[in-house]
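The values are calculated or read from the model by the stated rules, or taken from the named source; none is laboratory data. Since the structure is predicted, the reported quantities are computational estimates derived from the model, not experimental observations. In this analysis, Cβ positions are derived from the backbone assuming ideal geometry, glycine residues included, and neighbour counts consider all displayed protein chains.
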Amino acid sequence: MARTRPHAARRVRPATLPPELRHVHLNAAGIDVGAGSHYVALPPGRDPEGRDVREFGAFTTELHALADWLCRCGIETVAMESTGVYWIPLFELLAERGLAVRLVDPRQLKHVPGRKSDVLDCQWIQQLHTYGLLAAAFRPDAEICVLRSYLRQRAMLVTYAAHHIQHVQKALEQMNIKLTRVVSDVTGVTGLRIIRAILEGQRDPRALARLRDRRCRHDEATIARALEGTWREEHLFALRQAVELLDFYQQQLGACDREIEAVLGRFDDKTGGHPLAAKPRTTASHRTAPAFDARSHLHRLTGVDLTRLDGIDAHTALKIVAETGLDMSRWPTEKHFTSWLSLAPGTKVTGGTQRSGRTKPSANRAAAALRFAAQSLAHSRSALGAFFRRLQARLGTPKALTAAAHKLARLIYRLLKFGTEYVDQGEEYYQERYRSRLVASLTRRAHALGYTLLETADLAQASTES
């Protein structure tokens, strides 16, 4: 007699797949982007000719042919890997055609099953995108993308100009002109006056020293001693070319600033008629800061004054906005925002044990700007400054910088999302709150151990009465 399995032990097959296993994007394609060609994979049987994988060149006519082929095959969404800058023309063209393009971080695609080839890569991208397993990389709105391109171009020009400043210093040292010892900046007022006079043929140290600005710390005699050198022609030639290249990049920076200001003027006004308050603190303008009033433009396009945050000047705020955009709803909470910035603590847990809490490495430009802003909190007499110094004493400078950048990111998220103004409570307020929290924690611990925590004044009074 055959034995039957109990009813509770029988395997029941569901009529349909659970929601998490159903196809999310049925009309999805995957593209492996390259410098010379792009490999495109479609769902099986979608191409009338039976060619589910095709290779297209990188020329513009071939990109249009790629887009036409996707539209004929009924493709609605496309996933592609962000390879260098080769994805940008294809991304923009497919977006103009109405396709939902998803840019994917290469770290999500590095584990390709089987052998590695371009055909297998695009098929693997298509398969993962079909099942909704690819998270799109963040890309701000079109207006912000334009602003971001100009600011990145400006940052590149600043880097190139800095190289030529080093060339100026090298040429001076080769002639034993110790100008860097007597002026803080060779490209400042005094430094450039002296260098241009040298290039015009002036060799008298005393005559060159008389070109010093009245605010210069060293006197004419000290500067004159530093300007006695050997005027070799090859070093003068190198100095002349370095100064000419520096002047050229300064002109390019001016042209870039005018374009940035024009782009900022095209944003909608979100101030609601509220004027910009007076600058909360006086800070020296940085030499690489934009030549226009960036603070007023930022207030108009964001509706809040981000420079009220200690450590955040107008230039830093402009770089952060250009990288993150103005729509904070792209991140559900501030924790999602700081995680995207790679400023949130890591969660490496194995076997129920926290192995590491280090933040993941990232090349996020907004996070770099926030870390740079956090460095200025070391001497700030504000609540943020007190917070940074407390963590610096306990954890060290690197971890304190990350924690301060994390706090600045959370504050910026709240300002941009809710439109509220930041009010600094001051260093004393922060210290008092921290003391209150510390006393409350010690009181709880003492009570748990069966002790009573008393202040010094209460203890002295009790001993006197006894």
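Okay, here's what the table says:
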read-out	value
The listed residue being hydrophobic (A, V, I, L, M, F, W, C) and in a loop (DSSP other than H, G, I, E, B), out of L415, L453	L453
Output for the range 294-334, where each listed residue is surrounded by 13 or more Cβ atoms within 10 Å (Cβ to Cβ), assigned to a loop (DSSP other than H, G, I, E, B) and out of contact with any helix residue (DSSP H, G or I) (no Cβ under 8 Å at 6 or more places or on another chain)	G303
Extreme residue, nearest to A226 (Cα to Cα), among residues of the range 160-214 that are more than 38 Å from the chain's Cα centre (by Cα), buried (at least 16 other Cβ atoms within 10 Å of the Cβ) and among the small types (G, A, S)	A209
Pairs with Cβ under 6 Å, 6+ apart, first in the range 214-229 and more than 20 Å from Q169 (Cα to Cα), second assigned to a loop (DSSP other than H, G, I, E, B) and modelled with pLDDT of 90 or more	none
Boolean, R381 is surrounded by fewer than 14 Cβ atoms within 10 Å (Cβ to Cβ), in the same structural domain as R330 (by TED's automatic domain parsing) and touching a residue at least 40 places away in the same chain (Cβ under 8 Å)	yes
Any chance L147 is at negative phi, outside any loop (DSSP other than H, G, I, E, B), among the hydrophobic types (A, V, I, L, M, F, W, C) and in contact (Cβ under 8 Å) with a residue 60 or more places away in the chain	yes
Answer from F91, F138 - the residue that is in a helix (DSSP H, G or I), among the aromatic types (F, W, Y) and farther than 20 Å from P44 by Cβ	F91
Criterion (at pLDDT below 85 and on the phi < 0 side of the Ramachandran plot) met by exactly one of R54, R3, R72, R46	R3
Helices (runs of 4 or more DSSP H) (entirely within the range 174-227) containing at least 1 residues that are among the small types (G, A, S)	189-199, 205-209, 220-226
Check on L442, in a loop (DSSP other than H, G, I, E, B) and of a type outside the set (K, R)	no
Condition broken by F138, with the remaining ones in (1) hydrophobic (A, V, I, L, M, F, W, C); (2) out of contact with any Gly (no Cβ under 6 Å at 6 or more places or on another chain); (3) surrounded by 15 or more Cβ atoms within 10 Å (Cβ to Cβ) satisfied	(3)
Yes/no for F388 being outside any strand (DSSP E or B), aromatic (F, W, Y) and within 23 Å of E428 (Cβ to Cβ)	yes
Close pairs (7 angstrom Cβ cut-off, 6 or more residues apart or separate chains): free of Cβ contacts under 8 Å to residues at least 24 places away in the same chain in the range 166-188, assigned to a loop (DSSP other than H, G, I, E, B) anywhere	Q169/V186; T180/V186
All positions within the range 230-252 that are among the charged types (D, E, K, R) and within 17 Å of E173 (Cα to Cα)	R232, E233, E234, R240
Test: residue in the range 349-359 that is closer than 27 Å to R139 by Cα and at pLDDT below 90	yes
Residue pairs meeting the criteria (Cβ under 7 Å; at least 6 apart or on separate chains; first part of a loop (DSSP other than H, G, I, E, B), in the range 362-374; second of a type in the set (G, A, S) and surrounded by fewer than 23 Cβ atoms within 10 Å (Cβ to Cβ))	S362/S342; N364/S342
Subset of the range 342-361 (residues that are among the basic types (K, R) and assigned to a loop (DSSP other than H, G, I, E, B))	R358, K360
Flag if Q123 is surrounded by 14 or more Cβ atoms within 10 Å (Cβ to Cβ), assigned by TED's automatic domain parsing to the domain that holds C71 and of a type in the set (S, T, N, Q)	yes
